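Student: My questions will all concern the structure given below.
The values are calculated or read from the model by the stated rules, or taken from the named source; none is laboratory data. Everything numeric here is computed off the predicted structure, so don't read it as measured data. Cβ atoms come from the backbone with ideal geometry, glycine included; neighbour counts cover every protein chain shown.
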Ligand code: PMP
């Protein structure tokens, strides 16, 4: 456990040995810089995480050593590119414990993954009068694709409420689960509140009623070890760029029987088995869903990010972040004029707050001058803002490279914000 910065102490899971955060920081070249003449304190990993040197090198090596198209060439470079791309798929399979690499589809990110599931899985099964069940704490990416689906089919979107601490009211959610529910979509971790939802239990309850479940894992994969088989989810979506990998790459995991039954999402090269003008037959999984030249280099970069995280150990990452988060919550609680937004019992990675009488954007702007990067705004979760009666929050979010010192810097700078607005 990190004991730097202050005397506030919090428990970490006993199984995990402490992470050497100073060593971790040295793996991320971007962190060794000053912003506005102050050392950078990056507290915006929920928006996007930074990349360790090994990821930068992996992407660079693709272009300098074996750049080529995959699955098509007989030449040596194409074979190397194909092997590296498919090896990255295998790394994702192991990272989320999918049963088979064929269940791992590379997409652009969580947003595309959810849209793929909405179009190819839900659309053919949903008709007027059916329902899609989500929660009040979803990111717009797990709201709007379902609204589009409802507009196209006449189905209805049902939204389970959250309480004043930002926790799902599970009994209400269960009450909304009915014969009409055709799919449940739920975020594992809320990007606006940090709430960790009881997804394993929700999946069990939904499956008891025969309802498939899609998990938005965008804010979970950087913080929590994932086992899609233990969870039993039908779909799991995540983004590479929030998990120390490149932008433009993400994953839709789907259970094989669903993926086999689904029509393709996009048509084009690579997703076909044979094409005539009379009839096209489709390629095997996962290629059926990867039309066109994929994002080869960034998939390989994501593979490197997974190697990196697994090298650190996800349990150790989770324990380290739990310590910094609890420390941050305690320090914010003792800071005058701060109203935390999202105080669930079970949280990961996110400290959202409002400052009395000061707009979140002003907080963010002043913190930036102190070299501290946070996010301000609605965090693509406008219904959450409306639920808490604020137009925006300031959000400090954590990555594996953050320490208690970063929290101390944040608290000191918030003191300066308060001075400016006195
Ligand atoms: N869901 C959640 C919970 C998120 O935090 C985000 C990104 N902020 C997304 C979905 C969308 O991810 P992306 O923009 O990488 O597609």
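Student: Out of all the residues in the range 157-175, which are farther than 26 Å from residue 348 by Cα and surrounded by 15 or more Cβ atoms within 10 Å (Cβ to Cβ)?
Tutor: Selection gives 157 alone.
Student: Taking the range 49-100 on its own, how many of its residues are surrounded by 15 or more Cβ atoms within 10 Å (Cβ to Cβ) and outside any helix (DSSP H, G or I)?
Tutor: 9
Student: Scan the range 154-197 residue by residue and report those that are part of a loop (DSSP other than H, G, I, E, B) and within 13 Å of residue 216 (Cα to Cα).
Tutor: 188, 190, 191, 197
Student: Looking only at the range 198-214, which residues are surrounded by fewer than 24 Cβ atoms within 10 Å (Cβ to Cβ) and either at pLDDT below 95 or not in a helix (DSSP H, G or I) (or both)?
Tutor: 198, 209, 210, 211, 212, 213
Student: Mind counting the residues in the range 215-244 that are outside any helix (DSSP H, G or I) and within 11 Å of the ligand (Cβ to nearest atom)?
Tutor: Adding up the residues that qualify gives 12.
Student: Restricted to the range 242-258, and to residues that are surrounded by fewer than 24 Cβ atoms within 10 Å (Cβ to Cβ) and in contact with a strand residue (DSSP E or B) (Cβ under 8 Å, 6 or more places away or on another chain), which residue is farthest from residue 288 (Cα to Cα)?
Tutor: Checked the range 242-258; the qualifying residue farthest from residue 288 (Cα to Cα) is 255.
Student: Can you work out which of the residues in the range 360-383 that are out of contact with any helix residue (DSSP H, G or I) (no Cβ under 6 Å at 6 or more places or on another chain), under 20 Å from residue 411 (Cβ atoms) and not in a helix (DSSP H, G or I) is farthest from the ligand (Cβ to nearest atom)?
Tutor: In this case the residue turns out to be 371.
Student: If you don't mind, another one. Tally up the residues in the range 178-209 that are touching a strand residue (DSSP E or B) at 6+ places or on another chain (Cβ under 9 Å), away from the ligand (no atom under 11 Å from the Cβ) and closer than 22 Å to residue 103 by Cβ, please.
Tutor: 8
Student: Tell me, which residue of the range 105-130 that is surrounded by fewer than 21 Cβ atoms within 10 Å (Cβ to Cβ) and away from the ligand (no atom under 13 Å from the Cβ) is nearest to the chain's Cα centre (by Cα)?
Tutor: 119
Student: Oh, and also: Can you find even one residue in the range 326-341 that is within 16 Å of the ligand (Cβ to nearest atom), modelled with pLDDT of 95 or more, farther than 16 Å from residue 44 by Cα and assigned by TED's automatic domain parsing to the domain that holds residue 46?
Tutor: Scanning the range 326-341, I find at least one residue that is within 16 Å of the ligand (Cβ to nearest atom), modelled with pLDDT of 95 or more, farther than 16 Å from residue 44 by Cα and assigned by TED's automatic domain parsing to the domain that holds residue 46, so the answer is yes.
Student: Within the range 245-260, which residues are more than 10 Å from the ligand (Cβ to nearest atom) and in contact (Cβ under 8 Å) with a residue 60 or more places away in the chain?
Tutor: 245, 246, 251, 252, 253, 254, 255, 256, 258, 259
Student: Looking at 50, 71, can you tell me which residue is within 26 Å of residue 239 (Cβ to Cβ), within 30 Å of the chain's Cα centre (by Cα) and at pLDDT below 95?
Tutor: 71
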